[in-house]
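Working notes, beginning with the structure itself.
Bear in mind that the values in this text are calculations on the coordinates, not laboratory data. Bear in mind the structure is a predicted one, so any value in this text is a computation, not a measurement.
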Amino acid sequence: MAFLLFSPLHPPLQEWELVVLGKLKWNLAAVTPHDFIEHILRKLPLPKDKLLLIRKHAQTFIALCATDFNFAMYPPSMIATGSVGAAICGLQLDDGDSLTDLLAKITNTDVDCLKACQEQIEAVLVNSLRQVRQQQQQSNPSKTVDELDQASTPTDVRDINL
């Protein structure tokens, strides 16, 4: 009997699972904030040499949002848009409220909701950096604040002006 289960005439269980999923037309692909980043960046008037850095920061913000339950109620498009906005603002590449208005127009979202999301993302970043700094000071109290500041963010940002 075991011979029949593994013979070429009988596909493995995983193949049968795929057949069942296909017949039931179950779409198991989930839309994530990462799916929106490229679409948003393409529509923004940004310097080409800064796109990689902005993308990297936005991806970091998205990862940070995944660690905070407050973002569970936001749709992925809002998290992506807020992350791109926070990245551009943090890198000081924006020119004020016009960025938020443009982002809201691109994604067809409410400006006030987008601002609230972006502010929440920036607040989570500040809290995360504060926690990292406290942990570093507790683990190595002999280092100065400047030494601790040098490697406190995953994207190697030294100064963030929010």
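Using just the Cα positions, wrap segment 16-109 in a convex hull and report its mean projected area in square nanometres, one decimal place.
8.0
Are any of the pairs 50/115; 25/48; 23/43 more than 29 Å apart by Cα-Cα distance, and if so, which?
25/48; 23/43
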